[in-house]
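Asks: Below is a structure I'd like to ask you about.
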Amino acid sequence: MPNWPAEAGARRYAWTPWWLLGMVALWPLPGPAEALLALGALVLAGLRLEARLRGRPWPLPAAASRLLAVLFLAYWLPELLSLPDALDRGRALRETVADLRYLPVLWGVGIAFQVPRGARRVLSGLGLLGLLWAADAAVQAVVGASPLFWSLDSLKRLASGEGFCTAAETLAADRLGGVFGPCNLKLGLVLASLSPFALALAARRLGAAGWVAAAALLGLAVALGGARAAWLVYALVVLASGLRVLGGRRLLGFALVAGLGLAGLYLAAPPLQERVARTAQVLQGDRSGLDAALSGRERIWRAAACMARTHPLNGVGVRGFRQAWPDCDPAPEQAPAWGSGEAYHAHQLLLEVLSETGILGLLCWLGGAWLGWQAWRQAGPAQRRQAQAPMLALAVTLFPLNTHLAFYSTFWGGVLVLLCGLYAGALHVPPGTPAQADGGTRS
């Protein structure tokens with residue numbers, strides 16, 4: 001429909017870029033963010049039904065619709081297939097039904113790239129949010145409090161008389177929480193996944209100098225966020241994005257200067273020293289040192305492998321990890337590194353999929369990844385440039401040689417679905433839309 005954006009019907013979907021950015025902006029407030037996601041999903045489902053019944057044009061190109069459907073099924077079909085043998089069938093059924101909302105969410109993200117100036121608004125807006133949250137975290141590192149979180153916490157206290165965190169939770173936090181606060185320590189992981197958009201925006205507006213400044217700001221926030229998985233994700237982003245913007249030699253120079261800066265930050269930040277010291281326990285060369293370095297994840301991974309062996313076809317069911325834990329805990333007589341209680345999920349993408357959804361689930365995920373890669377290969381140069389930042393964000397978030405949050409949880413599952421929609425939407429932007437590549441001139 002080459003004339004669709006010029007038609008009056010385009011106004012029916014002009015809100016989708018702002019809805020998408022609003023969802024991301026509300027990530028520090030899980031309840032409102034999920035409410036906005038669900039409301040948008042209902043509206044989009046209604047618009048899709050109305051378009052079918054009344055013969056109205058549907059703004060998504062057929063190729064984009066197919067790719068979005070494939071990515072949705074790669075995520076959702078394993079949940080459905082795990083239901084018959086789920087250990088907690090009620091929980092698995094609720095998750096499976098609730099996650100149907102992600103299909104209209106994916107439609108909405110794809111449509112946001114079809115409306116006039118939608119691609120620019122979405123990609124630039126995500127970059128601005130990442131830079132804003134990183135700057136807020138830098139202020140917290142200097143003055144000891146996040147202005148954004150302080151504002152949100154103050155509003156909540158005025159409304160309900162209590163804040164987001166108890167005093168015990170606040171005192172227990174040993175990492176930079178930024179806008180997410182000291183009892184919801186997701187700042188590093190979120191910034192690492194959003195960093196391709198922030199670096200793309202900085203390079204596009206200010207060239208190589210802007211990229212360097214943004215990379216330093218984001219690196220400070222990610223390092224002090226304390227999530228070692230985020231450190232790896234961000235390192236991959238800097239490598240891939242920096243090679244395009246700076247080239248090999250200047251990226252090497254940036255890495256040397258950044259290494260000196262990190263050494264100084266290490267000397268000035270005791271929490272960072274503690275994280276590095278914990279990581280160094282892996283050098284002990286034994287299983288206990290490895291488990292301590294991984295904060296108990298080695299034990300969790302062995303339990304996940306046990307679940308995959310005992311339930312190979314379709315797993316223990318989505319979110320059934322904690323029910324299967326007692327039978328697969330490899331050291332039930334020892335107190336776990338995280339304190340007490342069962343583990344909630346596998347903390348690793350492949351093991352989560354294998355343990356909770358089995359071989360069938362893994363095949364679905366691999367099929368979705370392969371078809372997503374085929375869409376990249378078949379896209380033209382302009383579409384690839386447009387999709388560079390979303391593709392990089394999706395690839396590093398799913399990087400298998402890392403630890404992960406639970407992809408079948410509400411928050412991180414929503415992040416994954418958003419990145420999938422951004423990738424598919426950016427690959428199918430209407431012709432003539434200005435490219436938003438995350439490169440700049442090497443000048």
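Asks: What order do you get for 311-319, 145-153 when each peptide is scored by the mean count of other beta carbon atoms within 10 Å, highest first? Don't skip to the end; give the middle numbers.
Replies: On the way: 311-319: 23.7, 145-153: 17.6.
Per-residue Cβ counts within 10 Å, averaged per peptide and sorted highest first, yield 311-319, 145-153.
Asks: Could you pull out the trypsin sites (Lys or Arg not before Pro) across segment 32-137 that fall in loop regions by DSSP (anything but H, G, I, E, B) with no more than 15 other Cβ atoms inside 10 Å? Write down the numbers at each step before the final one.
Replies: Values: sites: 48, 52, 54, 66, 89, 91, 94, 101, 117, 120, 121; in loops: 117.
In loop regions of segment 32-137 (DSSP not H, G, I, E or B), the sparsely surrounded trypsin sites (Lys or Arg not before Pro) are 117.
Asks: Leaving ligands and nucleic acids out of the surface, order 310, 96, 279 by accessible area at 1.4 Å, largest first.
Replies: 310, 279, 96
Asks: Moving on to the next point. What shape does segment 10-113 have by the C-alpha gyration tensor, where a ≥ b ≥ c are the square roots of the eigenvalues, rounded means a/c under 1.5, and otherwise prolate means a/b greater than b/c and oblate the rest?
Replies: Oblate, because a/c is 1.5 or more while a/b does not exceed b/c.
Asks: Applying a 10 Å radius around every beta-carbon, put 103-112, 259-268 in order of their mean neighbour count, most first.
Replies: 103-112, 259-268
Asks: Considering Cα pairs under 8 angstrom that are at least six residues apart, work out the relative contact order of segment 101-228 and quote it in whole percent.
Replies: Values: 151 pairs, mean separation 37.3, N = 128.
Relative contact order, segment 101-228: 29 percent.
Asks: Report in % the part of the accessible area of segment 313-389 that belongs to carbon and sulfur, leaving out ligands and nucleic acids; probe 1.4 Å.
Replies: 59
Asks: Something else: What's the magnitude of the charge dipole for segment 210-338 around its Cα centre, counting Lys and Arg as +1 and Asp and Glu as -1 at the beta-carbon? Answer in Debye, nearest 20.
Replies: Computed charge dipole of segment 210-338: roughly 460 debye.
Asks: Ok, one more. With every protein chain left in place, what is the accessible area per residue of the chain in square angstrom, probe 1.4 Å?
Replies: It amounts to 44 Å² per residue over the chain.
Asks: According to the square roots a ≥ b ≥ c of the eigenvalues of the Cα gyration tensor, what is the shape class of segment 350-408, taking rounded for a/c under 1.5, prolate for a/b larger than b/c otherwise, and oblate for the remainder?
Replies: oblate
Asks: Can you show me the helix-derived [θ] at 222 nm for the chain, built from DSSP H runs with n ≥ 4 at -39,500 (n - 2.57) apiece and divided by the number of residues, rounded to the nearest 500.
Replies: Result for the chain: -23000 deg cm²/dmol, rounded to the nearest 500.
Asks: While we're on this one: Looking at segment 261-363, what % of the alpha carbon pairs are farther apart than 15 Å? Could the numbers behind the result be given before it?
Replies: On the way: 3384 of 5253 pairs.
Result for the distance tail: 64 percent.
Asks: Place a +1 charge on the Cβ of each Lys and Arg in the chain and a -1 charge on the Cβ of each Asp and Glu, then give the dipole magnitude about the Cα centre in debye, rounded to the nearest 20.
Replies: Working: 37 positive and 24 negative charges, 360 e Å.
Computed charge dipole of the chain: roughly 1720 debye.
Asks: Next question. At 1.4 Å probe size, with the rest of the protein present, what percent of the exposed accessible area of segment 56-141 is carbon and sulfur atoms? Kindly include the intermediate steps, with their values, before the conclusion.
Replies: Working: 2150 of 3160 Å².
Looking at segment 56-141 in its full context, I get 68 percent from C and S.
Asks: So, in nm, how far is label residue 98 from label residue 288 when the simple model puts each one 7 Å beyond its Cα toward the Cβ?
Replies: 4.0
Asks: Let me ask something additional. Residue 342 label point, 7 Å along Cα→Cβ, cut-off 12 Å on backbone N: hits in segment 290-316?
Replies: 316
Asks: Jot down the radius of gyration and Dmax of the chain, Cα atoms only, both in angstrom.
Replies: 22.1, 68
Asks: Next question. How big is the dipole moment of segment 34-134 about its Cα centre under a simple scheme where the beta carbon of each Lys and Arg is +1, that of each Asp and Glu is -1, and everything else is neutral? Debye, nearest 20, please. Intermediate results must be reported in sequence, preceding the final value.
Replies: Details: 12 positive and 7 negative charges, 117 e Å.
Taking the Cα centre of segment 34-134 as origin, the dipole is about 560 debye.
Asks: Give me the number: length gained by fully extending residue 151 to residue 91, i.e. 0.36 nm times residue separation minus the C-alpha to C-alpha distance, one decimal in nm.
Replies: 18.1 nm
Asks: Can you tell me the Rg and the Dmax, both Å, for the Cα atoms in segment 322-443?
Replies: Over segment 322-443's Cα set, Rg and Dmax evaluate to 18.9, 64 Å.
Asks: Express in nm, to one decimal, how much length is gained between residue 266 and residue 252 on full extension, taking 0.36 nm for each residue of separation and deducting their alpha carbon distance.
Replies: Additional length available on full extension: 3.0 nm.
Asks: In segment 173-234, what percent of the accessible surface is made up of carbon and sulfur (1.4 Å probe, ligands and nucleic acids excluded)? The partial results should precede the final answer.
Replies: Numbers: 1050 of 1570 Å².
Ligands and nucleic acids excluded, carbon and sulfur reach 67 percent.
Asks: Classify segment 196-345: rounded, prolate or oblate, from the alpha-carbon gyration tensor (a ≥ b ≥ c, eigenvalue square roots; a/c under 1.5 rounded; otherwise prolate if a/b is larger than b/c)?
Replies: Details: a/c = 3.05, a/b = 1.91, b/c = 1.59.
It comes out prolate by the Cα gyration axes.
Asks: Then there is this: Output the lone cysteines of the chain: those with no second cysteine's C-beta under 4.7 Å from their C-beta.
Replies: If one checks each Cβ against the other cysteines of the chain, 364, 420 turn up with nothing under 4.7 Å.
Asks: To continue, here is another question. When the Cα atoms of segment 167-246 are enclosed in a convex hull and the volume is divided per residue, what value in Å³ results? Numbers along the way, then the final one.
Replies: Details: hull volume 5.7 nm³, N = 80.
Roughly 71 Å³ of hull volume per residue.
The values are calculated or read from the model by the stated rules, or taken from the named source; none is laboratory data. Note that this is a predicted model, so its numbers are computed, not measured. Counting neighbours? That spans all protein chains shown, and the Cβs are built from the backbone with ideal geometry, glycine included. We work out accessible area using only protein heavy atoms, side chains counted, and drop any ligands, DNA or RNA first. Shrake-Rupley method; radii C 1.70, N 1.55, O 1.52, S 1.80 Å.
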